[in-house]
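To start, the structure itself, in structure tokens.
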Amino acid sequence: MMLECWTMFSSIVPLTTKIRLGAILVNLYRNPAIVAKIASTLDHISNGRLDIGLSAGWYQREAEAYGVAFTTAHIRVEMLEESVIVLRQMLSTENKNNNDKISFKGRYCNLSNVECNPKPIQKPGIPIWIGGGGKKTQIVAAYADGWNYGLYL
């Protein structure tokens, strides 16, 4: 059994005061603007203890079971990069105006005047971790705060 992480975090937060919360999410399953809104809310209710983890996804059978198109690895990585850019823009606390609206036109993600208000507690934003290797390491270098290579012993 594997519980849905955002719901689980919401129930754990009131029971803890020190631990950080984080999970590697499959990028294919969630719109990045909605992830930003959920993450900002969890950052507030956890008093700034959330990390976001993202992966391009690898488990084709799971994606298909959820009815999600499992594209080529190259496309999944491009989608991941667009999502990280959107998350960085929406979750940045460095903007002077807390009500900044974000528009993004990418190949896979198109947003028009979305906002994330309130912004996260953490400055300059919620830490973002990227999971995986290969081309994803370039995304890590360009945008991420951490890297989970995924070694399982």
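Quick notes
- Comparing Gly67, Gly132, Gly22 in a Gaussian network model of the chain where C-alpha atoms under 10 Å apart are linked, the largest mean-square fluctuation is found at Gly67.
- Annotation for Asp100 and Asn31: the two label points, set 7 Å from Cα along the Cα-Cβ direction, are 2.2 nm apart.
- Extension gain for Tyr108-Gln138 works out to 8.9 nm (0.36 nm per residue, less the C-alpha to C-alpha distance).
- Lys pairs under 26 Å by Cα in the stretch 21-137, provided they are eight or more residues apart or on distinct chains: 16
- Label of the coordinate-derived value, Cα Rg over 2.2 N^0.38 Å, listed as (1) 0.93; (2) 1.02; (3) 0.97: (2)
- Cut-off under 5 Å, modelled amide H: who pairs with Leu25 long-range: Gly53, Leu54, Ser55
- Of the chymotrypsin sites (Phe, Trp or Tyr not before Pro) in the stretch 99-153, those whose Cβ has at most 13 other Cβ within 10 Å and which sit in DSSP loop: Tyr149, Tyr152
- Neighbour cut-off at most 12 other Cβ (10 Å), DSSP loop, trypsin sites (Lys or Arg not before Pro), the stretch 10-93: Lys18, Arg20
- Karplus-derived 3J(HN,Hα), 6.51/-1.76/1.60, for each residue of the stretch 25-33, Hz, glycine and proline x: 9, 7, 4, 4, 8, 9, 5, x, 5
- DSSP beta bridges fully contained in the chain are about 25 percent antiparallel.
All of the numbers you see were taken from the coordinates with simple rules; none came from a lab. From a predicted model like this one, the values you see are computed outputs, not experimental measurements. Backbone-built Cβ (ideal geometry, glycine too); neighbour counts: all protein chains shown.
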